[in-house]
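Asker: Handing you this structure, nothing more for now.
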Amino acid sequence: MKIVKKIVLFLFVVFLIAQFFGPEKNQGDLVSIDYFLKETNPPEDVKIILTKTCIDCHSDVTQYPWYNNITPVNFWLAAHVKDGKKHFNLSNWEGNSIKRKDHKFEELLEMIEEKEMPLNSYTWTHDEAKLTDEQRKAVIVWAKLVRLKYGLEPKPE
């Protein structure tokens, strides 16, 4: 039994020390998504949906919950944000080609239609991010209009 107490004490000390270390936070400025919003021109209801369900993981601006201060949870959240930005980054929209933007919207449509976004792990703690069928439909209509616009853009030769 003495060995169990030593192991528990050791793990507790490691946990305490780990609290002083954490990943870099994703704390940019909301201005970074202005180009995306201006170019894609979402209606107000879709803009609200984007704010509540997408910006935290798909831009340079993350609003962290209190539990982000707990290691190892903060590393898990940082990995989710990094992965989300890799797939669709609203803050890095301006530098993309029309072809890439169209492809990103094609992926967005697929994820929303198949109800793969927002992730269940996000909606567990962000109840307001759970999308209704009506909200999904609004995002889909908007995304299809954006893709239509990109399809009409002249392609560089």
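Bear in mind these aren't lab numbers, they're just calculated from the coordinates by the rules spelled out. Please read all numbers here as calculations on a predicted model, not as lab measurements. Positions of Cβ are generated from backbone atoms using ideal geometry, with glycine treated the same way; all protein chains shown enter the neighbour counts.
Asker: Summing Lys, Arg as +1 and Asp, Glu as -1, what charge do residues with Cβ under 14 Å from the Cβ of THR62 carry, THR62 excluded?
Answerer: -1
Asker: With a cap of 16 neighbouring Cβ atoms within 10 Å, and only residues DSSP puts in a loop, list the chymotrypsin sites (Phe, Trp or Tyr not before Pro) found in region 87-149.
Answerer: Listed in order of number, the matching sites are TRP124.
Asker: Here's another thing I want to ask about it. For the chain, what relative contact order do you get, as a whole percent, if you take Cα pairs closer than 8 Å and at least 6 residues apart?
Answerer: 27
Asker: Using Cα Rg over 2.2 N^0.38 Å as the read-out, say which of [x] 1.31; [y] 0.97; [z] 1.25 was calculated from these coordinates.
Answerer: Step by step, Cα Rg over 2.2 N^0.38 Å for this structure corresponds to label [x].
Asker: What net charge is computed for the residues neighbouring THR40, neighbours being all others with C-beta under 9 Å from the C-beta of THR40, Lys and Arg scored +1, Asp and Glu -1?
Answerer: After counting each charged neighbour, the total is +2.
Asker: Dipole of the chain (Lys/Arg Cβ +1, Asp/Glu Cβ -1, origin at the Cα centre): which of GLY28, PHE10, VAL61 lies farthest to the positive side?
Answerer: So the residue furthest toward the plus end is PHE10.
Asker: 7 Å from Cα along Cα→Cβ at both ILE70 and THR132: what's the point-to-point distance in nm?
Answerer: 3.2
Asker: Okay, next question. For a footprinting-style exposure proxy, rank ARG136, ARG100 by other Cβ within 10 Å, fewest first.
Answerer: ARG100, ARG136
Asker: What's the magnitude of the charge dipole for region 1-67 around its Cα centre, counting Lys and Arg as +1 and Asp and Glu as -1 at the beta-carbon? Answer in Debye, nearest 20.
Answerer: It comes to approximately 820 debye.
Asker: Amide H to amide H under 5 Å from VAL61: which residues, 5+ apart in sequence or cross-chain, H placed 1.01 Å off N in plane?
Answerer: For VAL61, the qualifying residues are GLY28.
Asker: Please identify which residues in region 69-83 have an amide N closer than 12 Å to a label point set 7 Å out from the Cα of LYS25, following the Cα→Cβ vector.
Answerer: Zone members listed by number: 69-70.
Asker: Let me spell out the model: positive unit charges on the Cβ of Lys and Arg, negative unit charges on the Cβ of Asp and Glu, origin at the Cα centre of the chain. What dipole size does that give, in debye rounded to 20?
Answerer: In debye, rounded to 20, the chain gives about 700.
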